[in-house]
Amino acid sequence: MFHGDFSNLGVDVISIYKPIVISGDNAVIYDMAFALKDDVKLTNISLIANNSKFAENSNALIFANGQSIELNNIYVNYTTPSNSNAYGILAYGAENFKLLDSSILFDSNNRAGVTQHALQIR
C-alpha cells in the first residue's frame with residue numbers, strides 16, 4: 001500500500017510485473033510512471049507529472065501491457081513535455097483492460113510530428 005506523497009525518489013518508472021493488488025490510500029506520486037503487466041489492480045492513487053518524459057515507459061505515465069489490468073479511482077494530471085510523444089494512459093496489447101471511476105487531466109504541448117493523447121488503447 002502507498003500512503004502519503006512520493007517525490008524525488010530517483011525513480012522514473014515503477015514496474016509491476018507480478019499479479020498484485022495495490023491500493024494507494026489516496027497517495028500522490030509525483031513525476032514517476034507505472035509500467036503494469038498481467039493481473040495488476042491499481043486503485044486510489046493520484047499521479048502528477050509536469051514536463052516529465054517517460055521514454056523507457058513507451059512515453060506513458062501509465063503503461064498497461066498485459067492481461068486483466070484494472071485501474072480504479074486513479075487520478076492522472078499530466079502536463080506533457082513539448083516535442084515528445086506522451087500518453088497519460090497507454091493500454092497496448094492489454095486484454096480485459098478496465099479503467100473505472102478515474103479522471104485524466106491532460107495538458108498537451110503537442111507540436112507537429114508528435115503524438116500526445118490523454119488515453120490511447122491499442
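The values are calculated or read from the model by the stated rules, or taken from the named source; none is laboratory data. Model, not experiment: these values are computed from the prediction. Note that we place each Cβ from the backbone using ideal geometry, even for glycine, and neighbour counts take in every protein chain shown. The accessibility values were calculated without ligands, DNA or RNA, using every heavy atom of the protein model including side chains. Shrake-Rupley method; radii C 1.70, N 1.55, O 1.52, S 1.80 Å.
Which of the GluC sites (Glu not before Pro) found in region 24-105 are loop residues per DSSP with 10 or fewer other Cβ atoms within 10 Å of their Cβ? It would help to have the intermediate numbers written out before the result.
Values: sites: GLU56, GLU70, GLU95; in loops: GLU95.
When the GluC sites (Glu not before Pro) of region 24-105 are filtered for loop state and at most 10 Cβ neighbours within 10 Å, GLU95 remain.
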Rg [Å, one decimal], Dmax [Å, integer] - the chain, C-alpha atoms:
13.2, 40
Listed residues ASN51, ASN96, ASN85; largest mean-square fluctuation, Gaussian network over the chain with Cα springs below 10 Å, found at ASN96
Once amide H atoms are built 1.01 Å from N in the peptide plane, which residues 5 or more positions from ASN51, or in another chain, come under 5 Å H to H?
THR79, THR80
Once amide hydrogens are built 1.01 Å from N within the peptide plane, the residues lying 5 or more places from ILE14 or on another chain with amide H under 5 Å from its amide H are ALA33, PHE34, ALA35
So, with a 1.4 angstrom probe, what is the percent of accessible area on the chain that is carbon and sulfur?
44 percent
Normalised Cα Rg of region 71-112, dividing by 2.2 N^0.38 Å with N its residue count, works out at 1.33
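Taking the Cα centre of the chain as origin and charging only Cβ (+1 Lys, Arg; -1 Asp, Glu), how large is the dipole, in debye to the nearest 20?
On the way: 7 positive and 11 negative charges, 56 e Å.
Roughly 280 debye, rounded to the nearest 20.
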LYS41's amide H: which non-local residues (gap 5+, or another chain) put their own amide H closer than 5 Å, with H modeled 1.01 Å from N in plane and none for Pro or chain starts?
ILE20, VAL21, ILE22, GLU70
Per residue, how much accessible area does the chain have with a 1.4 Å probe, in Å²?
51 Å²
Take the Cα gyration tensor of region 31-98, multiply each eigenvalue by 5, square-root it, and list the three semi-axes largest first, rounded to whole angstrom.
20, 14, 8
